[in-house]
Amino acid sequence: MDELDERLVERIDSGMIRATTLARKLNEPLSTIHARLKKLENEGVVRGYKGDIDWRKAGMSITAYILVNIDINLLKSSKRSQDRILKELLSIPYVKEGHIITGEADILIKIVARDTEHLKQMLLNKIDGVEGIVKTKTIVVL
């Protein structure tokens, strides 16, 4: 990565993702910015573009982190992996982030919900229904 690539990545990471804005701010031709963005995408440096959503304004007043414990013996016998379970969790609507972790749990996910009833339904009907999950612990952000 050269200096222009670094400046592009810095601005993308800060949320400034419109190519026209990047070209203006970096004083580079729009065609150059498009070509560099494509290059960074192909190299895997830029994996995607996300909107900065205010979930509270979107009606999601609850943010929670959920520690997930997995039955390791079941994983071995069914030839499933933590990665596969994490991908399944990330496919659930309103699960915004997920990580395989060390410590008292195996996976940590972040979710948003309309209210506590919505959170309860997601836990009972979606998250706890994923094969291999044996225990969850929910931490609600105040």
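Just a few scattered comments:
- Correct choice for volume of the Cα convex hull per residue in Å³ that was computed from the model, options (i) 163; (ii) 129; (iii) 148: (iii)
- Rounded Å value of the spacing that divides the Cα centres of the stretch 7-76 and the stretch 108-142: 25
- Fluctuation leader among Leu74, Leu89, Leu108 - the chain, Gaussian network, Cα springs under 10 angstrom: Leu74
- Cβ charges +1 (Lys, Arg) and -1 (Asp, Glu), total dipole of the stretch 62-140, debye: 140
- Among the GluC sites (Glu not before Pro) in the stretch 42-125, those located in a DSSP loop and surrounded by at most 14 other Cβ atoms within 10 Å of their own Cβ are Glu43, Glu104.
- Cβ-derived FRET efficiency at R0 25 Å, Lys79 paired with Ala105, nearest 0.05: 0.70
Each reported figure results from applying straightforward, stated rules to the coordinates on display, with no laboratory input. Small disclaimer: the values here were computed from a predicted structure and weren't measured. Glycine gets a Cβ as well: all are built from the backbone with ideal geometry, and neighbour counts include every protein chain shown.
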